[in-house]
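Q: Okay, here's the structure, questions in a sec.
The values are calculated or read from the model by the stated rules, or taken from the named source; none is laboratory data. Remember, predicted model here, so these are calculated numbers, not experimental data. Heads up, the Cβs are rebuilt from the backbone with ideal geometry, glycines too, and the neighbour counts pull from every protein chain shown. Ligands, DNA and RNA are excluded from the accessible area calculation, which covers all protein heavy atoms including side chains. Shrake-Rupley method; radii C 1.70, N 1.55, O 1.52, S 1.80 Å.
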Amino acid sequence: MILKQHEVPYNLLSTIAILLRLPESHSKFQNCKQEVANYYSGYKGELALDYYLTFVDQLSVHILHDVRLPFINSHYQIDTLILTPNFIVNIEVKNLTGFIRFNHEMGRMYQYIGQKERSYQDPLLQANSQAHQLKAFLYNEGLSHIPIESLIIFVNQKASLSEERDKRIIYGFQLKQRFDEFSKKYQNSSLLKINSLTQKLIQQNQPLQINMLKHLGIREDELIYGVICPHCLHIPMLRVYGRWICQSCLNTFRAEAHVRSFYEYALIISNIINNKNARKLLNVDSIHVIQKLLKKAGFTPRGETSNRTYLIDVNLQNKAQYLLNYYLKMSKQNRFGEKRVFFSETN
Ligand SMILES: [Zn+2]
């Protein structure tokens, strides 16, 4: 059974929020677009694994998706873990397409699409280091005897793997067969109480949150401010008599539109906002209107009236999933090729 579901990567949502507000003329626009595409493909790949997992006998196993665990001064991320009473499987998911060739001696993986070649690090290196780090975790729990197996699973049906490859690198449809082989191999190994181990792993999980603006080298003041139209993604909408009006598609919206801007602010800049920054964010001049909107949104106020801040204390990985739809909309409408109007900031 699945004990921990997939998470929409925080950084994916954060990078989409930036892309929506980045002028196309910006030197980092293509980088940002590529970063979103990479995160999105990785996320879709992890979801695609679910289909192949349904063929694994799930009665006596625990499945954990997206586990990020501390190791010395850093962290390591595991796409999927299968815990059984006899052994553990560490799964790394790849969503690449095209012909894939490996040079394990040189630690490289090559992807060929048409005439194009791209080189990556050999995924075996990553899987080996994950297994090593997991081993250290088990050692601390007094479980160093539990065998760990690693698999690198290519889930995209448009991938063709070179025959010359390590046997841990497989297609999705081979998962069941490999899992059954492991079950046979370890059927006599000592039994592991997986309940408490699963709980420990979930407790220690720390989702990755990096400041994507900094990571991409984009300054806060280079972004386009204003409320995004949920229908056509035009930015900014105008506030008229308590409603948001899109000047492009003429649709009107109520609170859901600006509450989303607050979520985006939290994803891009900070989950703490004051009146001044909220006015700039929504393109609204009135201190009183902003005060009302922040209060109504239900965010937790902190401090005295003069320097009051609000904590945007929501689970953004759930609440901001609409950004995935925005991204699909953007791609479908080919909005990347369209010029957007840049409105000057108000303060
Ligand atoms: Zn619109």
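Q: Say the dipole of the range 2-204 comes from +1 at the beta carbon of Lys and Arg and -1 at that of Asp and Glu; which of PHE154, TYR186, TYR52 then lies farthest toward its positive end?
A: PHE154
Q: Here's something else I'd like to know. Within a Cβ distance under 13 Å of ILE2, other residues only, what is the Lys/Arg minus Asp/Glu net charge?
A: Working: positive: LYS4; negative: GLU7, GLU46, ASP50, ASP66.
Residues near ILE2 contribute -3 overall.
Q: How about the range 14-55: which chymotrypsin sites (Phe, Trp or Tyr not before Pro) there are in a DSSP loop, with at most 16 other Cβ atoms within 10 Å of their Cβ?
A: Numbers: sites: PHE29, TYR39, TYR40, TYR43, TYR51, TYR52, PHE55; in loops: PHE55.
In loop regions of the range 14-55 (DSSP not H, G, I, E or B), the sparsely surrounded chymotrypsin sites (Phe, Trp or Tyr not before Pro) are PHE55.
Q: Work out the length of the dipole vector of the range 224-337 about its Cα centre, built from +1 on the beta-carbon of each Lys and Arg and -1 on the beta-carbon of each Asp and Glu, and round it to the nearest 20 debye.
A: Values: 16 positive and 5 negative charges, 33 e Å.
Roughly 160 debye, rounded to the nearest 20.
Q: Binning at 5 Å from 0, report for the range 2-204 what percent of all alpha-carbon pair distances ends up in each bin.
A: Percent of pairs per bin, in order: 1, 6, 14, 18, 18, 16, 12, 7, 4, 2, 1, 0, 0.
Q: So, in nm, how far is label LEU238 from label ILE272 when the simple model puts each one 7 Å beyond its Cα toward the Cβ?
A: 3.7
Q: For labels at GLU105 and ASN128 in the simple 7 Å Cα→Cβ model, what's the distance in nm?
A: Once both label points are built, they end up 1.5 nm from each other.
Q: Follow-up. Roll a 1.4 Å probe over the protein chains and send me the accessible area per residue for the range 224-337 in Å².
A: Numbers: 5670 Å² over 114 residues.
Per residue, the range 224-337 has 50 Å² of solvent-accessible surface.
Q: Another one. Which Cα, out of PHE173, LEU22, ASN140, lies furthest along the positive dipole direction of the range 2-204 (beta carbon charges, K/R +1, D/E -1)?
A: LEU22
Q: More than 20 angstrom separation, counting every C-alpha pair in the range 175-236; what % is that?
A: Numbers: 1295 of 1891 pairs.
The share of Cα pairs beyond 20 Å in the range 175-236 comes to 68 percent.
Q: Could you tell me what percent of the accessible area of the range 2-204 is made up of carbon and sulfur, with a 1.4 Å probe and every protein chain present? Kindly include the intermediate steps, with their values, before the conclusion.
A: Values: 4950 of 9990 Å².
The computed percentage sits at 50.
Q: When all protein chains stay in place, what accessible area (Å², nearest 10, 1.4 Å probe) is found for MET1?
A: It works out to around 110 Å².
Q: Between the DSSP loop rule and a limit of at most 16 other Cβ atoms within 10 Å, which chymotrypsin sites (Phe, Trp or Tyr not before Pro) in the range 215-286 are left? Numbers along the way, then the final one.
A: Numbers: sites: TYR225, TYR241, TRP244, PHE253, PHE262, TYR263, TYR265; in loops: TYR225, TYR241.
Those satisfying the criteria are TYR241.
Q: When N is the residue count of the range 224-337, what does its C-alpha Rg come to as a fraction of 2.2 N^0.38 Å?
A: On the way: Rg = 14.2 Å, N = 114, 2.2 N^0.38 = 13.3 Å.
Taking N as the residue count of the range 224-337, the ratio is 1.07.
Q: What number comes out for the charge environment of TRP244, summing +1 per Lys or Arg and -1 per Asp or Glu over other residues with Cβ under 11 Å away?
A: +3
Q: Per DSSP H run of n ≥ 4, the term is -39500 (n - 2.57); total these for the chain, divide by its residue number, and report the mean residue ellipticity at 222 nm rounded to 500 deg cm²/dmol.
A: Numbers: 11 runs with 128 residues, N = 347.
Estimated from H runs of four or more residues: -11500 deg cm²/dmol.
Q: Shifting gears a bit: Calculate what fraction, in whole %, of the accessible area of the range 224-337 sits on carbon and sulfur atoms when a 1.4 Å probe is rolled over the protein chains. Show your work: numbers first, answer last.
A: Values: 2740 of 5670 Å².
Of the solvent-accessible surface of the range 224-337, carbon and sulfur hold 48 percent.
Q: What do you get for trypsin sites (Lys or Arg not before Pro) in the range 202-305 restricted to DSSP loop and a cutoff of at most 13 other Cβ within 10 Å of the site's Cβ? Present the calculation step by step, with values, prior to reporting the outcome.
A: Details: sites: LYS214, ARG219, ARG239, ARG243, ARG254, ARG260, LYS276, ARG279, LYS280, LYS292, LYS295, LYS296, ARG302; in loops: ARG219, ARG254.
Taking the range 202-305 and a limit of 13 other Cβ atoms within 10 Å, the loop trypsin sites (Lys or Arg not before Pro) found are ARG219, ARG254.
Q: If you don't mind, another one. In a shell of Cβ-Cβ distance under 12 Å around TYR40, excluding TYR40 itself, what net charge do Lys and Arg (+1) and Asp and Glu (-1) give?
A: Details: positive: LYS33, LYS44; negative: GLU35, GLU46.
Around TYR40, the surrounding residues sum to 0.
Q: Quick one: angle between helix 123-140 and the longest Cα principal axis of the chain, in degrees between 0 and 90, rounded to 10, please.
A: Long axis of 123-140 versus the principal axis of the chain: about 80 degrees.
Q: Dipole magnitude of the chain about its Cα centre, charges +1 at Lys/Arg Cβ and -1 at Asp/Glu Cβ only, in debye to the nearest 20?
A: 980
Q: Treat every Asp and Glu Cβ in the range 52-176 as -1 and every Lys and Arg Cβ as +1, leave all other atoms uncharged, and give the resulting dipole magnitude about the Cα centre to the nearest 20 debye.
A: Working: 12 positive and 12 negative charges, 62 e Å.
Once rounded to the nearest 20, the dipole reads 300 debye.
Q: With the other protein chains left in place, how much accessible area per residue, in square angstrom, belongs to the range 85-198 at a 1.4 angstrom probe? List each step's numbers first, then the result.
A: Details: 6340 Å² over 114 residues.
Per residue, the range 85-198 has an accessible area of 56 Å².
Q: In whole angstrom, how far apart do the alpha carbon centroids of the range 239-278 and the range 214-236 sit?
A: Each part reduced to its Cα centre gives a spacing of 11 Å.
Q: Let me ask something else. When the Kirkwood hydrodynamic radius is evaluated over all pairs of different C-alpha atoms of the chain, what value in angstrom, to one decimal, is obtained?
A: Numbers: mean 1/r = 0.0440 Å⁻¹.
Here the Kirkwood hydrodynamic radius works out to 22.7 Å.
Q: Helix 322-332: angle to the longest alpha-carbon principal axis of the chain, degrees 0 to 90, nearest 10?
A: 90
Q: Putting +1 on Lys and Arg Cβ atoms and -1 on Asp and Glu Cβ atoms, find which of GLN77, PHE87, HIS62 reaches farthest to the positive end of the dipole of the range 1-90.
A: Comparing the listed Cα positions along the dipole, GLN77 ranks first.
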